[in-house]
Structure formats: structure tokens, C-alpha cells
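Report on one structure; see the data block that follows.
The values are calculated or read from the model by the stated rules, or taken from the named source; none is laboratory data. Please read all numbers here as calculations on a predicted model, not as lab measurements. So basically every Cβ, Gly included, is an ideal-geometry build from the backbone, and we count neighbours across all protein chains shown.
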Amino acid sequence: MHFKVESSGCCERKGYVQIRLSMYLDEQDYGYDKHHVQVPIIPKDGFPGKIEGPGVPVDIEEYKKWMDALPKEWINNPFHNHFIYTEPNITDEEILRIGEQLTKDSYILWEQNKILYLVNEKVNIVESIPGRVLACETKVAHLKTAILEKVI
């Protein structure tokens, strides 16, 4: 199995750096087939049929046929996503250490078909400290360009 920091889930939140850890199974891991799935490759222009309202196809059967005819690709969806909240001065190495442990803890529950419920340490809201939000935003900018991932 492996995990990576998913940049779309990283932001400043209430004076902390929010980090999304996406956890993936490898072929030999239990339940790999549940998250290794085939999905249609949807063209940039989307469904060519008639649409009404907020993107609702008028003819559902036509839409289903169109979807079924699209080429497909295999993707590996995360088996779990977990958010942590950290100080802005956290190192990449510390993020990787935390991510590794959380991935291992999640997989133990996953193997037992249990709910993947992990509790983070409680944090105190400190967003009013001068310069803290800027420090968080600086760390987030780094996380959005860094490639932080680890095979376990």
C-alpha cells in the first residue's frame, strides 16, 4: 500500500495547515479490487445530447448508451482519505511519518472490514496569532507543489 499528500485537500484552516492524506492499496493488498475500477473517459465537451436544467440529460437511455460506448481506463481510487491539522512549521519528513502511521492504522481496520474511524489529536483554535495564517498559507503553497508520497 502507499499514500500521498493530495494537494486539493490542503489549505489553511482556523490557524492550522489542513493536509489530506490519500491512501491506496497495491495489487497484493486485501480489497484491492474494490478500489481498482474501470471508469469512462469523458470527452472535454461532455454529453452531446440534449441537456436541461443543471446538466440533466433529457433522454436518460441515450445518456446511458453514450456512457457505455465511451472508452474506459483503470484507476486506483483511495481506500481511505484522512485529514490532519498541523502547525505551519511541520517538516515534510514529519508529514511522511504521520502519513505512514495513519495508513498502517487504516489498513488494519480495512483488513477487518471495520469502519475507518481514526481520531486526530485535539487542536486548539489559534488563528488570531499575528502572522500565523500567512505561515499556514506559505506551507500550503509548498504542499501544493511538493510530491509527498510513500510506499509502505
Scanning region 21-71 for residues that are under 30 Å from LEU96 (Cβ atoms), surrounded by 14 or more Cβ atoms within 10 Å (Cβ to Cβ) and among the hydrophobic types (A, V, I, L, M, F, W, C) gives LEU21, MET23, LEU25
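Please verify whether ASN76 is touching a His at 6+ places or on another chain (Cβ under 7 Å), surrounded by 13 or more Cβ atoms within 10 Å (Cβ to Cβ) and polar (S, T, N, Q), treating the condition exactly as stated.
Values: touching a His at 6+ places or on another chain (Cβ under 7 Å): yes; surrounded by 13 or more Cβ atoms within 10 Å (Cβ to Cβ): yes; polar (S, T, N, Q): yes.
It is true that ASN76 is touching a His at 6+ places or on another chain (Cβ under 7 Å), surrounded by 13 or more Cβ atoms within 10 Å (Cβ to Cβ) and polar (S, T, N, Q).
Of the residues in region 59-83, how many are assigned to a strand (DSSP E or B) and of a type in the set (Asp, Glu)? Full working, then the answer.
Taking region 59-83 first, the residues assigned to a strand (DSSP E or B) are 72-76, 80-83.
Next cut, of a type in the set (Asp, Glu) only: 73.
Residues flagged as assigned to a strand (DSSP E or B) and of a type in the set (Asp, Glu) within region 59-83 amount to 1.
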Identity of the residue in region 99-125, in contact with a Phe, Trp or Tyr (Cβ under 8 Å, 6 or more places away or on another chain) and modelled with pLDDT under 95, that ends up farthest from HIS82 (Cα to Cα)
VAL123
Give me the residue from region 28-70 that is in contact with an Asp or Glu (Cβ under 8 Å, 6 or more places away or on another chain) and of a type in the set (A, V, I, L, M, F, W, C) and, out of that set, farthest from HIS2 (Cα to Cα).
VAL58
Quick test for you: out of TYR63, TYR16, pick the one residue that is out of contact with any Cys (no Cβ under 7 Å at 6 or more places or on another chain) and hydroxyl-bearing (Ser, Thr, Tyr).
TYR63
Looking only at residues in region 1-52 that are without any contact (Cβ under 8 Å) to a residue 12 or more places away in the chain and part of a strand (DSSP E or B), which one is nearest to ILE147 (Cα to Cα)?
ILE51
Condition (residue is touching an Asp or Glu at 6+ places or on another chain (Cβ under 7 Å) and more than 19 Å from THR91 (Cβ to Cβ)) applied to region 16-25: is it met by at least one residue?
yes
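When you check GLU100 against the structure, is it under 22 Å from LYS34 (Cα atoms), in the same structural domain as TYR24 (by TED's automatic domain parsing) and not hydroxyl-bearing (Ser, Thr, Tyr), yes or no?
Working: under 22 Å from LYS34 (Cα atoms): yes; in the same structural domain as TYR24 (by TED's automatic domain parsing): yes; not hydroxyl-bearing (Ser, Thr, Tyr): yes.
Here the answer is yes, as GLU100 does meet what is asked.
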Restricted to region 84-107, and to residues that are of a type outside the set (S, T, N, Q) and part of a loop (DSSP other than H, G, I, E, B), which residue is surrounded by the most Cβ atoms within 10 Å (Cβ to Cβ)?
PRO88
